Structure formats: C-alpha cells, structure tokens
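Here the structure comes first, spelled out in structure tokens, and everything after it is commentary.
Just so it is clear, none of the values below were taken in a lab; they were calculated from the coordinates. Here the structure is a predicted model, which is why all the values come from computation and not from measurement. Please note: Cβ atoms are built from the backbone with ideal geometry, for glycine as well, and neighbour counts cover all protein chains shown.
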Amino acid sequence: MKTMSFKGTFSTKGTIARRTFSSALSVAYFLIIALCLSACSKDEGGDVAAGDFYLRATVGRKEVNFHNVNFQGGGNDSRFEHIVVGGYETSYPLSGPIPPSLDFEIWRLGGNITAGTYATPAENKMIARYAIQKPEGTLLYNTSFADDVFTLKIEAISKSGIKGTFSGTVRNMAGEAISITDGTFNLPYQTVINP
C-alpha cells in the first residue's frame, strides 16, 4: 500500500509565502538604506539649485550678470584643494576687445575647501581679481596689492556645484580701488553658464 505525504504540499505554499515576505522585506530595507545614503549628501552646508545658475555682483556702481561663467576645482581623494570661479561682464566675443572679467580662487593643497567663510588678507591662499582689457594691456585689480578685505562665503560645495556670496575691495598697482558688493553665485561644476 502506498502512503501519501502531505508534507511537501503544505511546505511548498509556506516556502513561497516566506520567500515573498523575505523579498518584500529585502526591498524595503534596500529603499531605507538608499534614502539614508542620499540624505547624507556630500554638499557642504546646503544645496545647489538646479537650473537657476548665475554669477552676479555690483562692480563699482554697475550691476553685472556675468557671462561665460565657470566653476572649476579639484584635489586628491575627492577633496577640493583648489577652486576657481569666474566670468566676463558680457559674452566673450569671437573677435574684438575682451570684456572685463571677475574671478576668485582658493588653494588648500593637502586640505579641503568646504562650506564656510574665507576672507583676505587673513587668507593668504585666496585671491580675487577684476581685469579690464585695454589696448596697452590689462589693467588688473586684485587683493594682493594691499590689505583690503574681500570676503567669500561658500554655502554649498560639491561635485554638483557651488553656491555662496561675496563682497570686498580690489585694487590696482596705482592704488585705485574698486568696490564689489552684493556678489552671489550658484553654479554647476565644470559647466559654462550664460545668463
């Protein structure tokens, strides 16, 4: 006489139910971990607003929305040991005179440039420049000719971009100064921006 075993029949349904529950639980754990990791972004202090990119300031008494703007930087181990932000007062022409330009630069070789406030003359590894092209050469205003204060506040910085504010004074070799106020920027990383 043959005997039938119901063990396999019931355990198959139980196994399927356990596997389904286990798979659903695994997906839930994965989503929770992914959300936690995305919340721990590498932005330092805030977010760079996607799509609304700019570099603006009042140079002397003239409000400028800079063109051909770019944020570049890099360093070892995914750190920012050097950054540069700069642009031109108008679009860069294919021929003819080059428009005035503004840029600022920070170096931290072996260190890391993070969200925070940087200022000259205390920061000897930072410079701001404003250059006017003339037929006889470049008239350069910068922060290395005197002890003028130029302050840069980085609100967010990552491989996504940089965001912050700036203001200060730049001076030429003759001692003439230009005041730069109401500076603000929100830029993607290594992408040229035009208003």
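With a cut-off of 15 Å on the backbone N, the residues of the range 105-130 near the modelled label site 7 Å out from residue 145 along Cα-Cβ are 128-130. Straightening the chain between residue 181 and residue 72 buys 37.0 nm, computed as 0.36 nm per residue apart minus the Cα-Cα spacing. With Rh defined as the Kirkwood radius, the inverse of the mean 1/r over Cα pairs, the Rg/Rh of the range 48-119 is 1.04.
Treating r as the C-beta distance of residue 65 and residue 174 and R0 as 25 Å, the FRET efficiency rounds to 0.30. Model label points for residue 192 and residue 125, set 7 angstrom from Cα along the Cα-to-Cβ axis, are 3.0 nm apart. Fully extending the segment from residue 112 to residue 94, taken as 0.36 nm per residue of separation minus the present Cα-Cα distance, adds 2.8 nm.
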